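Note sheet for the following structure.
The values are calculated or read from the model by the stated rules, or taken from the named source; none is laboratory data. This one's a predicted model, so the numbers in the text were calculated from it and none came from an experiment. Note that each Cβ is placed from the backbone with ideal geometry, even for glycine, and that neighbours are counted across all protein chains shown.
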Amino acid sequence: MLNSQSSEIPHSGEVRRNPLPRIGQESINLESSASLTESEGVDVPLVSTQEIANLLVHGDLLLSSGNAASALRLYRQAIESETEQGTTDVTYRLALCAEALGDYPEALARYQAVTDLNAGGVLQEYALLGEARILDQLGHTAAALGVLQRWVLSRKAAHHLSPRVTGDALYLLSHIAAIAVMGRSESRIWHPEVVCPPQRSFDPNRYLPQVEPVPVMVSDLCPVGIHVIHQLAESSPETVTLSGRLARTTVPRVISELSQEAGWVVEWSQPVGDVVRTSTVALDFQEQTANLILDWLLAPHGIAWEFDDGRLRIVAEHELTSEQQEERRWQRAERALLAALLWNPDHVDTPAGYLLLGNLSYFRGHFQSSQRHYEHVLRSFPRSPVQPEAWFNLAKVELAEQNLEKAAHALQGAMDASRGQPLESAALLLAGQTALKRNLPQDATRPLMRGVTVTRDDDLRALSLLALATAHLLNNQPERANVALMESRDLLQTQPYRDRAAFLAGLARYRSATTPSRKERDGLALISATSHLSNDSELGLAHVMLKAEALEEIGLRHLAIPLIEQSITEAPPSQLREHLALRLADLLMESNDDERAEALLLRAINDPTTEGSHITLMRLAELYFQQQQIDQVETSCLKLLGHDLSPQMRVRALELLGRVYASRGDRERAVLCFAGTMPQ
């Protein structure tokens, strides 16, 4: 049968087929084996050995091309072989088929059967990786991490396998550890606090063994014990690289030998000594940093470590504060990712590793670091399958830092890269909401209309419809808003969308009313809908703007003022917030509360986060003119004209300045200002 001990796993970027000449040679060897078996009087299998070889080859071709169901039928025919080696090869392939078809309990049983057969070599190692993948899919994260940590630290002492195998194990371990601390949040990735993880996909062709033999390097070349490979002058667990091979021994002895080799002093707390005194482990690893080895040795037992000035302190996690425990969980996940990236930088999962590093930084609030990782993925791996996630998460970083224009650019990249994928719907929704924050409702309609069309998620569809109706109302298109709200009426009648949909529909009907009687009837309905509407809305300031406009239109202006005041105080800087501040100033001026209006405008002008202070300064100058503060008007206009203004804003400022000069009797300067020329 196929030699699983000398199997090798092809690089994931290659699609390697078993060559026909090799198949023939293997079949001849199998027939010779069958003849020998028959001459010795052993029962002959019901399926001939040549048929078994052909079934395996044809099944491998089907499995690598994505037809796992057909491959499964061929492998089940081949399992009738009674040789142990044949059972191992076919059982492993049956596990691959079950995993590809989503039958995880069956796949787990098959992988465990291969490891229990103690086949050795690459086949058993990849069966362990398959077992860890399935345990993670079934939600047994701790068990999956345990399988991988034991494998990386104590591979079979008879072999040092290909670095590609170790790379797969390290990447899988780091990905599971990172997802474990961040949580699985793929279903609501449009929320501000959530970023998109790399999509998990399974390619069985990566794990199909080849027929041709691969040379095996004996691990006796690696001396027994723990040895320092690299060490800086300022020794620390982050800067010391170790290799080691030890027979099964206790964890305290391993820590003691590791520290002695690195020149550190070890301090054990009493609870830790009781926990690990009888815990044993066998080691066989190459060129791993000491901090990673310490994590893998101690974390499964609920033990943490601290290092300070040459002293390694081993403590139980319950001795630390909750903040310290959480910080160490994040640090362990980050160290595992960095170890995988340094071990094999050219691995197929390298882009996903950098994406997860960015996600870890994002969850911890380190936006600059996460931005650097996402941009590295986009720049260095332009054809990576995680490009959509990198664009999307980069947009989340820009939104968190209120860089709305850069966020809009990143969302456009996410929409282009994720065409036809579930991520596209979330990117379209965020693109529309970002346009609303930028006070560009015309630009919001296009992505939101496409989002309504392509999304399959009810929550995304409802939020897209509400945002689209908001954009239409801000564009003074109530008829289109009403059409959007009727698109999925049954969905919008459920909570938490019912109150917002009722308000938007009431405002659309009120603005569309053409007769006084209908206006009165729809106005009463709008008052009722507005009273039931909460100020806390996922649509943000755009929804606040509409509610304030509705209150003004139905004669409840006094309620719009506190609504806008509260909203702009709590909201982050944006063009829409500035627009709301100007609207609030107008309402205060109309209410003859000039003092509060002046304070509001001055606060907006002096705010360093305000981008468009020109119109705010113009509004302040107009307020001073109403108050007959001529000197203040002149100062504000001259300050405004010193900036690079739009033609409309420049004409407006010159006209106001001309009125100032005319009130003083300076007709020459007034004429120049009214003519559009700045007087000397």
**Asked** So which residues in the stretch 576-592 are out of contact with any helix residue (DSSP H, G or I) (no Cβ under 7 Å at 6 or more places or on another chain) and either over 12 Å from residue 557 (Cβ atoms) or of a type in the set (Lys, Arg) (or both)?
**Response** 579, 592
**Request:** Just give me the residues in the stretch 229-248 being loosely packed, with under 14 Cβ neighbours inside 10 Å and either in a strand (DSSP E or B) or of a type in the set (Val, Ile, Thr) (or both), in sequence order.
**Result:** 229, 230, 247, 248
**Complete:** Note: among 330, 268, just one is more than 30 Å from residue 192 (Cα to Cα), in contact (Cβ under 8 Å) with a residue 12 or more places away in the chain and aromatic (Phe, Trp, Tyr), namely 268
**Fill in**
Filtering helices (runs of 4 or more DSSP H) wholly in the stretch 362-447 for at least 2 residues that are out of contact with any helix residue (DSSP H, G or I) (no Cβ under 7 Å at 6 or more places or on another chain) gives 367-380, 404-417
**Prompt:** Does the stretch 507-525 contain any residue that is aromatic (Phe, Trp, Tyr) and closer than 27 Å to residue 407 by Cβ?
**Reply:** no
**Request:** Answer yes or no: is there a residue in the stretch 289-303 that is in a strand (DSSP E or B), surrounded by 20 or more Cβ atoms within 10 Å (Cβ to Cβ) and of a type outside the set (A, V, I, L, M, F, W, C).
**Result:** yes
**Asked** How many of the residues making up the stretch 256-286 are part of a helix (DSSP H, G or I), at pLDDT 80 or above and over 25 Å from residue 340 (Cα atoms)?
**Response** 2
**Fill in**
Of (1) at pLDDT below 85; (2) charged (D, E, K, R); (3) in contact with a Leu (Cβ under 8 Å, 6 or more places away or on another chain), residue 570 fails just (3)
**Request:** Give the stretch 538-591 a look and list any residue that's crowded, with 20+ Cβ neighbours inside 10 Å, of a type in the set (S, T, N, Q) and assigned to a helix (DSSP H, G or I), or say none.
**Result:** 567
**Prompt:** Any idea which of (1) farther than 24 Å from residue 549 by Cβ; (2) within 44 Å of the chain's Cα centre (by Cα); (3) of a type in the set (A, V, I, L, M, F, W, C) is the one residue 674 doesn't satisfy?
**Reply:** (2)
**Prompt:** Could you say which residue among 651, 633 is in contact (Cβ under 8 Å) with a residue 24 or more places away in the chain, more than 22 Å from residue 575 (Cα to Cα), out of contact with any helix residue (DSSP H, G or I) (no Cβ under 9 Å at 6 or more places or on another chain) and not aromatic (Phe, Trp, Tyr)?
**Reply:** 651
**Item:** So residue 640, is it farther than 24 Å from residue 552 by Cβ and touching a His at 6+ places or on another chain (Cβ under 7 Å)
**Value:** yes
**Request:** Kindly check whether there is at least one residue in the stretch 518-534 that is under 32 Å from the mean Cα position of the chain (by Cα) and either within 19 Å of residue 472 (Cα to Cα) or modelled with pLDDT under 85 (or both).
**Result:** yes
